[in-house]
Amino acid sequence: MRWLYTLGYAIGWKPWETAAERDGARLTALYEREEQERGRPYGAALDLGCGTAIHAVELAKRGWKVTGVEIVPKALRAARERARAAGVEVQLVEADVTKLRTAGIGSDYRLVLDFGVFHGLTEAQRQAMAGEVTSVAAPGALLLMIAFAPGRRGPLPRGASRGEIESTYSRWKVVGEEALPVSALPGPVRNWEPRVYRLRRD
Ligand SMILES: C[S@@+](CC[C@H](N)C(=O)[O-])C[C@H]1O[C@@H](n2cnc3c(N)ncnc32)[C@H](O)[C@@H]1O
């Protein structure tokens with residue numbers, strides 16, 4: 001998938017950003033729920049495949065201590081600019097989500113975002129990612145994951161079922177699942193049934 005995202009950022013094809021900007025309020029409710037349960041200080045949040053840091057910056061504004069990990073350098077440059085313009089501090093690291101422990105990002109993350117990464121990875125990458133995420137997450141951490149329903153889409157994300165997510169994240173329990181609004185996504189993508197999953201670590 002790396003080449004695809006590199007190409008997307010190079011030509012400015014980033015439909016997930018349009019969706020995030022238009023439908024962000026839906027995610028806000030999920031953040032609020034976690035924040036109310038935890039109380040301040042919220043602690044550390046990790047945005048996996050943070051792209052240009054739309055969500056990382058939002059979390060930082062809300063009071064989380066945020067780290068964003070991203071594999072495409074051009075996206076990271078835009079992420080740094082976004083954080084600077086917003087006047088918030090976000091640790092932004094060029095790294096692969098399947099190798100988090102060697103990326104020097106620390107551990108004890110209370111909130112983890114995976115908005116569109118897991119569902120595009122191979123089986124081996126998913127296993128590696130889940131192991132790394134589990135290692136850097138705090139006990140009781142919450143993982144919010146956006147994934148398309150499974151399907152054949154050529155080079156585009158193949159999606160993930162709830163069963164696949166549960167069996168890969170074996171130390172996490174799915175505690176919530178809901179459909180995401182799809183109005184801002186391009187035509188065919190609307191039929192891919194994006195869902196947001198809430199997983200709690202043991
Ligand atoms: C669908 S985009 C979503 C970006 C961002 N999460 C958002 O919602 O705006 C997926 C992102 O994951 C990044 N990505 C894909 N595979 C990755 C990997 N193995 N390690 C780190 N980032 C990755 C891509 O470069 C891309 O920025």
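The values are calculated or read from the model by the stated rules, or taken from the named source; none is laboratory data. Fair warning: this is a prediction, and the values are worked out from it, not measured in the lab. Quick reminder, even Gly has a Cβ in these numbers, built from the backbone with ideal geometry, and neighbours come from all protein chains shown. Note: accessible area is taken over every heavy atom of the protein model, side chains too, but ligands, DNA and RNA are not part of it. Shrake-Rupley method; radii C 1.70, N 1.55, O 1.52, S 1.80 Å.
Only one entry of Ala141, Ala124, Ala83 meets the criterion of being closer than 20 Å to Pro157 by Cβ and either modelled with pLDDT of 95 or more or in a strand (DSSP E or B) (or both), and that entry is Ala124. Would segment 19-29 turn up any residue that is at pLDDT 95 or above, over 15 Å from the mean Cα position of the chain (by Cα) and more than 9 Å from the ligand (Cβ to nearest atom)? Taking every residue of segment 19-29 in turn, none turns out to be at pLDDT 95 or above, over 15 Å from the mean Cα position of the chain (by Cα) and more than 9 Å from the ligand (Cβ to nearest atom).
Among what's in segment 31-57 and is more than 22 Å from Gly176 (Cα to Cα) and in a helix (DSSP H, G or I), pick the residue that is farthest from the chain's Cα centre (by Cα). Only one residue fits best here, namely Val57. What residue, among those in segment 1-30 that are touching a Lys or Arg at 6+ places or on another chain (Cβ under 8 Å) and within 17 Å of Gly116 (Cβ to Cβ), is most open to solvent (accessible area, probe 1.4 Å)? Per the stated criteria, the residue is Thr6. Residues in segment 105-121 that are at positive phi and either modelled with pLDDT under 95 or of a type in the set (Asp, Glu) (or both): Asp108 only. Given (1) buried (at least 22 other Cβ atoms within 10 Å of the Cβ); (2) touching a Phe, Trp or Tyr at 6+ places or on another chain (Cβ under 8 Å); (3) over 22 Å from Leu7 (Cβ atoms), identify the lone condition not met by Val66. Evaluating Val66 over (1) buried (at least 22 other Cβ atoms within 10 Å of the Cβ); (2) touching a Phe, Trp or Tyr at 6+ places or on another chain (Cβ under 8 Å); (3) over 22 Å from Leu7 (Cβ atoms) leaves (2) as the failure.
Taken as a whole, segment 66-84 holds no residue that is touching a residue at least 40 places away in the same chain (Cβ under 8 Å) and touching a Pro at 6+ places or on another chain (Cβ under 8 Å). Scanning segment 69-91 for residues that are open to solvent by less than 30 Å² (accessible area, probe 1.4 Å) and more than 10 Å from the ligand (Cβ to nearest atom), we see that the one that is farthest from Leu121 (Cα to Cα) is Ala83.
Considered as a group, the residues in segment 46-63 that are under 18 Å from Arg33 (Cβ atoms) and free of Cβ contacts under 8 Å to residues at least 60 places away in the same chain include one that is least open to solvent (accessible area, probe 1.4 Å), and that residue is Leu59. Taking Tyr42, is it touching a strand residue (DSSP E or B) at 6+ places or on another chain (Cβ under 7 Å), touching a residue at least 60 places away in the same chain (Cβ under 8 Å) and open to solvent by less than 30 Å² (accessible area, probe 1.4 Å)? Yes; evaluated as a whole, the condition is true for this residue. Flag: Glu178 does not match the condition of being under 16 Å from Leu143 (Cα atoms) and surrounded by 13 or more Cβ atoms within 10 Å (Cβ to Cβ).
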